[in-house]
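These notes are about the structure you will find just below.
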Amino acid sequence: MEVAIIKYNAGNICSVDYALRRLGVEPLITADKEQLAKADKVIFPGVGEAFTTMEYLKAKQMTDFICKLKQPVLGICLGMQLMCRHSEEGDTDCLGIFDTEVKRFVPERHEDKVPHMGWNCLTQTCGPLFEGDLEGQFVYFVHSYYVPVNAYTAATAEYIHPFSAALHKDNFYATQFHPEKSGDVGEQILKNFLNI
(Lines give C-alpha, C1' and ligand atoms only; values in the text may rest on other atoms or scores of the structure.)
Protein backbone atom coordinates (compact mmCIF):
# COMPACT_ATOMS: atom_id res chain seq x y z
CA MET A 1 0.00 0.00 0.00
CA GLU A 2 1.33 3.41 -1.02
CA VAL A 3 0.74 6.10 1.62
CA ALA A 4 1.69 9.67 0.73
CA ILE A 5 2.12 12.62 3.10
CA ILE A 6 1.55 16.01 1.49
CA LYS A 7 4.78 17.98 1.82
CA TYR A 8 4.23 21.67 2.44
CA ASN A 9 5.33 24.40 4.86
CA ALA A 10 3.76 22.89 7.97
CA GLY A 11 5.17 21.11 10.99
CA ASN A 12 4.60 17.56 12.33
CA ILE A 13 5.32 15.78 9.02
CA CYS A 14 8.27 13.95 10.63
CA SER A 15 6.23 12.71 13.60
CA VAL A 16 3.49 11.41 11.26
CA ASP A 17 6.17 9.70 9.16
CA TYR A 18 7.63 8.07 12.27
CA ALA A 19 4.20 6.90 13.52
CA LEU A 20 3.46 5.25 10.16
CA ARG A 21 6.87 3.55 10.12
CA ARG A 22 6.06 2.06 13.54
CA LEU A 23 3.04 0.49 11.84
CA GLY A 24 5.24 -1.02 9.13
CA VAL A 25 4.35 1.57 6.46
CA GLU A 26 7.06 3.57 4.69
CA PRO A 27 5.23 6.69 3.52
CA LEU A 28 6.24 8.89 0.64
CA ILE A 29 6.62 12.56 1.65
CA THR A 30 6.01 14.55 -1.50
CA ALA A 31 4.51 17.66 -3.09
CA ASP A 32 4.44 15.93 -6.49
CA LYS A 33 0.81 15.86 -7.65
CA GLU A 34 1.28 12.80 -9.83
CA GLN A 35 2.68 10.77 -6.93
CA LEU A 36 -0.05 12.01 -4.58
CA ALA A 37 -2.78 11.15 -7.08
CA LYS A 38 -1.43 7.60 -7.45
CA ALA A 39 -1.16 6.91 -3.70
CA ASP A 40 -3.66 4.56 -2.03
CA LYS A 41 -3.98 6.89 0.98
CA VAL A 42 -3.04 10.57 1.46
CA ILE A 43 -2.30 12.31 4.76
CA PHE A 44 -2.56 16.12 5.06
CA PRO A 45 -0.87 16.96 8.38
CA GLY A 46 -0.22 20.37 9.79
CA VAL A 47 1.05 22.52 12.59
CA GLY A 48 1.22 26.18 11.73
CA GLU A 49 -0.87 29.21 10.82
CA ALA A 50 -3.88 29.04 8.50
CA PHE A 51 -3.43 32.16 6.33
CA THR A 52 0.25 31.60 5.54
CA THR A 53 -0.32 27.94 4.81
CA MET A 54 -3.27 28.59 2.48
CA GLU A 55 -1.22 31.20 0.61
CA TYR A 56 1.52 28.60 0.18
CA LEU A 57 -0.96 25.98 -1.10
CA LYS A 58 -2.43 28.49 -3.56
CA ALA A 59 1.03 29.44 -4.83
CA LYS A 60 1.80 25.75 -5.43
CA GLN A 61 -1.61 25.26 -7.13
CA MET A 62 -2.51 22.59 -4.57
CA THR A 63 -5.94 23.80 -3.40
CA ASP A 64 -8.20 22.38 -6.15
CA PHE A 65 -5.98 19.33 -6.40
CA ILE A 66 -6.46 18.37 -2.74
CA CYS A 67 -10.24 18.86 -2.99
CA LYS A 68 -10.44 16.51 -5.99
CA LEU A 69 -8.50 13.59 -4.48
CA LYS A 70 -10.55 10.39 -4.71
CA GLN A 71 -8.69 8.06 -2.33
CA PRO A 72 -9.06 8.24 1.48
CA VAL A 73 -7.50 11.49 2.76
CA LEU A 74 -6.72 12.20 6.43
CA GLY A 75 -6.27 15.77 7.64
CA ILE A 76 -4.56 16.25 11.01
CA CYS A 77 -4.82 19.37 13.25
CA LEU A 78 -4.21 22.37 10.96
CA GLY A 79 -4.84 19.96 8.07
CA MET A 80 -8.38 19.44 9.40
CA GLN A 81 -8.96 23.17 9.85
CA LEU A 82 -7.76 23.94 6.32
CA MET A 83 -10.27 21.39 4.98
CA CYS A 84 -13.09 23.62 6.33
CA ARG A 85 -14.67 26.58 4.53
CA HIS A 86 -13.21 29.47 6.54
CA SER A 87 -10.98 30.07 9.56
CA GLU A 88 -11.02 32.99 11.97
CA GLU A 89 -7.24 32.62 12.07
CA GLY A 90 -6.11 35.37 9.73
CA ASP A 91 -9.70 35.61 8.35
CA THR A 92 -8.74 32.85 5.95
CA ASP A 93 -10.79 31.23 3.19
CA CYS A 94 -9.85 27.56 3.26
CA LEU A 95 -10.43 24.50 1.03
CA GLY A 96 -14.17 24.15 1.70
CA ILE A 97 -14.30 20.34 1.77
CA PHE A 98 -16.29 20.58 5.00
CA ASP A 99 -18.91 23.34 4.84
CA THR A 100 -18.18 24.70 8.31
CA GLU A 101 -15.93 27.29 9.88
CA VAL A 102 -13.04 27.34 12.32
CA LYS A 103 -13.33 29.55 15.40
CA ARG A 104 -10.87 30.76 18.04
CA PHE A 105 -11.26 29.49 21.59
CA VAL A 106 -12.38 32.36 23.84
CA PRO A 107 -11.59 31.75 27.54
CA GLU A 108 -14.66 31.96 29.78
CA ARG A 109 -12.96 31.41 33.15
CA HIS A 110 -9.55 32.22 34.62
CA GLU A 111 -8.44 28.58 34.31
CA ASP A 112 -9.28 28.41 30.58
CA LYS A 113 -5.92 28.51 28.81
CA VAL A 114 -5.48 28.98 25.07
CA PRO A 115 -4.05 27.04 23.32
CA HIS A 116 -5.89 23.95 24.48
CA MET A 117 -3.01 21.58 25.12
CA GLY A 118 -3.02 18.06 26.51
CA TRP A 119 -5.04 14.86 26.71
CA ASN A 120 -8.78 14.91 26.27
CA CYS A 121 -11.56 12.34 26.00
CA LEU A 122 -13.29 11.35 22.73
CA THR A 123 -17.09 11.19 22.82
CA GLN A 124 -19.84 10.49 20.30
CA THR A 125 -17.42 8.63 18.05
CA CYS A 126 -18.75 7.23 14.78
CA GLY A 127 -17.44 6.00 11.45
CA PRO A 128 -14.48 3.91 10.31
CA LEU A 129 -11.73 5.95 12.04
CA PHE A 130 -13.08 4.86 15.41
CA GLU A 131 -13.52 1.11 14.90
CA GLY A 132 -12.47 -0.85 17.98
CA ASP A 133 -14.51 0.80 20.73
CA LEU A 134 -12.61 4.09 21.05
CA GLU A 135 -15.47 5.93 22.77
CA GLY A 136 -14.17 7.56 25.95
CA GLN A 137 -10.50 7.09 25.05
CA PHE A 138 -7.98 9.92 25.49
CA VAL A 139 -6.04 11.61 22.68
CA TYR A 140 -3.57 14.51 22.51
CA PHE A 141 -4.57 18.02 21.41
CA VAL A 142 -2.62 21.25 20.78
CA HIS A 143 -4.78 23.99 19.21
CA SER A 144 -6.07 27.52 19.68
CA TYR A 145 -8.81 27.20 17.03
CA TYR A 146 -11.61 24.67 16.85
CA VAL A 147 -14.41 23.44 14.58
CA PRO A 148 -17.87 23.62 16.18
CA VAL A 149 -19.98 20.47 16.28
CA ASN A 150 -21.68 20.20 12.88
CA ALA A 151 -23.19 17.75 10.37
CA TYR A 152 -19.73 16.28 9.54
CA THR A 153 -18.63 15.69 13.15
CA ALA A 154 -17.35 12.12 13.63
CA ALA A 155 -16.20 12.59 17.26
CA THR A 156 -16.45 15.31 19.86
CA ALA A 157 -14.32 16.50 22.76
CA GLU A 158 -14.88 19.25 25.30
CA TYR A 159 -12.71 22.22 26.20
CA ILE A 160 -14.53 25.39 27.28
CA HIS A 161 -17.42 23.88 25.28
CA PRO A 162 -17.97 20.84 23.01
CA PHE A 163 -16.14 20.89 19.67
CA SER A 164 -15.41 18.56 16.75
CA ALA A 165 -12.53 16.22 17.53
CA ALA A 166 -12.95 14.59 14.11
CA LEU A 167 -14.79 15.15 10.83
CA HIS A 168 -15.84 12.86 7.97
CA LYS A 169 -17.34 13.47 4.55
CA ASP A 170 -17.10 10.98 1.67
CA ASN A 171 -13.41 10.03 1.27
CA PHE A 172 -12.20 12.87 3.54
CA TYR A 173 -11.43 12.21 7.20
CA ALA A 174 -9.89 14.62 9.70
CA THR A 175 -8.82 14.80 13.32
CA GLN A 176 -8.22 17.92 15.42
CA PHE A 177 -6.06 15.83 17.76
CA HIS A 178 -2.69 14.33 16.86
CA PRO A 179 -3.04 10.55 16.39
CA GLU A 180 0.74 10.34 15.91
CA LYS A 181 1.18 11.64 19.49
CA SER A 182 -1.75 9.79 21.08
CA GLY A 183 -0.13 6.49 22.08
CA ASP A 184 -1.97 3.21 21.49
CA VAL A 185 -5.29 4.95 20.79
CA GLY A 186 -3.73 7.14 18.10
CA GLU A 187 -2.00 4.10 16.64
CA GLN A 188 -5.36 2.33 16.39
CA ILE A 189 -6.90 5.35 14.63
CA LEU A 190 -4.05 5.42 12.11
CA LYS A 191 -4.48 1.66 11.55
CA ASN A 192 -8.19 2.21 11.01
CA PHE A 193 -7.45 4.88 8.41
CA LEU A 194 -5.02 2.56 6.63
CA ASN A 195 -7.72 -0.14 6.58
CA ILE A 196 -10.40 2.07 4.97
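The values are calculated or read from the model by the stated rules, or taken from the named source; none is laboratory data. Bear in mind the structure is a predicted one, so any value in this text is a computation, not a measurement. Cβ: placed from backbone, ideal geometry, glycine included. Neighbour counts: every protein chain shown. Only protein heavy atoms, including side chains, enter the accessible area calculation; ligands, DNA and RNA are left aside. Shrake-Rupley method; radii C 1.70, N 1.55, O 1.52, S 1.80 Å.
Quick look at the values:
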{"item": "Gyration tensor (alpha-carbon) shape descriptor, the stretch 22-61, a/c threshold 1.5", "result": "oblate"}
{"item": "For residue 90, net neighbour charge (Lys/Arg +1, Asp/Glu -1) across residues whose Cβ lies under 14 Å away", "result": "-4"}
{"item": "Cβ-based net charge around residue 102, under 14 Å, with every Lys or Arg adding one and every Asp or Glu removing one", "result": "-4"}
{"item": "Normalised convex hull volume, the stretch 70-111, alpha-carbon set, Å³ per residue", "result": "87 Å³"}
{"item": "Of all DSSP beta bridges in the chain, antiparallel share, percent nearest 5", "result": "55 percent"}
{"item": "Solvent-accessible area, 1.4 Å probe, carbon plus sulfur percent, for the chain", "result": "48 percent"}
{"item": "Distance (nanometres) between label positions extended 7 Å along Cα→Cβ at residue 161 and residue 187", "result": "3.7 nm"}
{"item": "Sites residue 9 and residue 114, calculated FRET efficiency, Cβ-Cβ separation with R0 25 Å, nearest 0.05", "result": "0.60"}
{"item": "Per-selection Rg to Rh, the stretch 1-83 - Cα, Kirkwood hydrodynamic radius", "result": "0.93"}
{"item": "Proximal lysines to residue 68, defined as alpha-carbon separation beneath 30 angstrom and excluding residues fewer than eight positions away on the same chain", "result": "7, 33, 38, 41, 58, 60, 103, 169, 181, 191"}
{"item": "Separation in nanometres of the label points that stand 7 Å from Cα toward Cβ, at residue 68 and residue 101", "result": "2.9 nm"}
{"item": "Inter-part distance where the stretch 86-156 and the stretch 33-56 are each reduced to a Cα centre, Å", "result": "19 Å"}
{"item": "Helix-only CD estimate at 222 nm, as mean residue ellipticity for the chain, using -39500 (n - 2.57) per DSSP H run (n ≥ 4)", "result": "-7000 deg cm²/dmol"}
{"item": "The chain: C-alpha gyration tensor shape, a/c 1.5 cut-off, then a/b vs b/c", "result": "oblate"}
